[in-house]
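Working notes, beginning with the structure itself.
Read-outs: derived from the displayed coordinates by stated rules, not from any lab. Just so it is clear, the model here is predicted, and its values are computed rather than measured. Positions of Cβ are backbone-derived with ideal geometry, glycine not excepted, and every protein chain shown enters the neighbour counts.
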Amino acid sequence: MTGESEKSWILMATARSPTNIAVIKYWGKRDEELILPVNDSISVTLDPDHLSATTTVAVSPSFEQDRMWLNGKEISLSGGRYQNCLREIRKRARDVEDEKKGIRIQKDDWNNLHVHIASYNNFPTAAGLASSAAGFACLVFALAKLMNVKEEYGELSSIARQGSGSACRSIYGGFVKWAMGNNPDGSDSIAIQLAEETHWNDLFIVIAVVSSKQKETSSTSGMRESVQTSALLKYRAETVVPSRVLKIEEAIRDHDFASFARITCADSNQFHAICLDTTPPIFYMNDTSHRIISLVERWNQSEGTLQVAYTFDAGPNAVMIAPNRQAAALLLQRLLFYFPPPQDTDLTSYILGDKSILQEAG
Ligand code: DP6
């Protein structure tokens, strides 16, 4: 390793990754350490302008240890998941040369160099939408860029997976499938892009923030308890998901919104049924979430065709997918009617900003 002056140089790389919303949920691991799921899952990656993480990684001989700041606050890197990602990227690191700065790092030097990581989310932290998916995907991209890792996206997705399962799907834009794989070492448990970002351009996603509180049961521990106690989880993974995956892939390919919406809603509801089937039961949705489901179901039934799909992750916030701008506008109108903003609330901040918490308005 050489540099202008042994301790003075610093090399940086930045990446940005959006979060993704699962329409066929990942819920349950068959291997906790490698993060291998019990079923395939499918998601849509959001537009990076709205919900994404931006991560800068820096390396310098003057850094004495690996450190990380999340939204400006230092967090511990001692957790196995960060260490797994760092280890896997360092293993694949290559020589790096920056002629202008006179820096030359050899492959093996990466094991003795420490990194500093700064990551920011572009969505309000109060929104309760913080997702590890964007964070770990972004971390893996930024580290790979810094360390000149040349592996294909599939390989990077399997590294991001070891940070957080859902993160492997954020490696790609558009519609993405995380194939559960069969190999015990997880080498075939990777994400695959089903369709590019531009494939189904008309879709609109509306997120209704129902609560900004942090969930009581994390996804990690919730799915562990479900694997241990829910018979419905086993049934869903083995019997329901395989055919659902084929059908939704077809719906995505053919732009068949009615079929896409039907499967998305059914899968969200079955995932929450598994949570109730867990001992002790896990309640991620609340009364407001249930009111939103009823509102959408009533609307879909009254029109005779599906207007909007809904899906809920491990929390009460609703993610709704509309087939076009007009349906999204009608959905927004309905939401504002049923959950009017409190008096004196600026409509823009109610719809887009920190004040957009339906429960407080209801
Ligand atoms: C309900 O990926 O957060 O959002 O792998 O333990 O980090 P870990 O879990 P995580 O779980 C996401 C669960 C989900 C469904 C999904 O995104 O597929």
Worksheet item: With labels modelled as points extended 7 Å from the Cα through the Cβ direction, what inter-label distance (nm, one decimal) is found for LEU336 paired with LEU276?
Response: 3.3 nm
Practice prompt. Report the local net charge at TYR310: Lys and Arg +1, Asp and Glu -1, summed over other residues whose C-beta lies under 14 Å from its C-beta.
Written response: +2
Item to complete: Please arrange PHE271, PHE63 by counting, for each residue, the other beta carbons lying within 10 Å of its beta carbon, fewest first.
Response: PHE63, PHE271
Fill in: Förster radius 51 Å - calculated FRET efficiency between ASP202 and ARG87 (Cβ-Cβ, nearest 0.05)
0.75
Worksheet item: What is the Cα centroid distance between the range 143-184 and the range 63-95, reported in whole angstrom?
Response: 17 Å
Item to complete: May I ask you to derive the FRET efficiency for ILE351 and VAL240 from their Cβ-Cβ distance with R0 = 41 Å, giving the value to the nearest 0.05?
Response: 0.70
Item to complete: Pairs of Cα atoms under 8 Å, at least six residues apart: use those to get the relative contact order of the chain, whole percent.
Response: 18 percent
Item to complete: Give the Cα extents of the chain along the principal axes, in whole Å, largest first.
Response: 71, 51, 41
Worksheet entry | Local net charge near SER41, Cβ-Cβ under 14 Å (Lys/Arg +1, Asp/Glu -1) | +4
Discussion item. If you average the C-alpha positions of the range 8-45 and of the range 305-325 separately, how far apart do those two centres end up, in angstrom?
Written reply: 21 Å
Discussion item. If you fit an axis through the alpha-carbon atoms of helix 241-254 and take the longest principal axis of the Cα set of the chain, what angle between them do you get, 0 to 90°, nearest 10?
Written reply: 90 degrees
Response to the item:
Rounded to whole Å, √(5λ) for the Cα gyration tensor eigenvalues of the range 216-318, largest first, gives 25, 18, 10
Worksheet item: Does the range 156-276 classify as rounded, prolate or oblate by the C-alpha gyration tensor (a ≥ b ≥ c root eigenvalues; a/c under 1.5 gives rounded; else a/b over b/c gives prolate, otherwise oblate)?
Response: rounded
Worksheet item: Radius of gyration and Dmax for the range 303-347's Cα atoms, expressed in Å?
Response: 12.5, 37
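To the nearest 500 deg cm²/dmol, what mean residue ellipticity at 222 nm is calculated for the chain from DSSP H runs of n ≥ 4 alone, each contributing -39,500 (n - 2.57), summed and divided by the residues?
-11000 deg cm²/dmol
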Fill in: Cβ-Cβ FRET estimate between ASN111 and ASP256, R0 fixed at 56 Å, reported to 0.05
0.65
Item to complete: For PHE204, enumerate residues with amide H under 5 Å from its amide H, sequence gap 5+ or separate chain, H modeled in the peptide plane.
Response: ALA322, ASN324
Worksheet, complete the sentence: Over 32 Å (Cα to Cα) among LYS177/LYS215; LYS150/LYS215; LYS213/LYS234 -> LYS150/LYS215
Discussion item. Within 14 Å, Cβ to Cβ, of VAL96, how many net charges do the neighbouring residues add up to if Lys/Arg are +1 and Asp/Glu are -1?
Written reply: +3
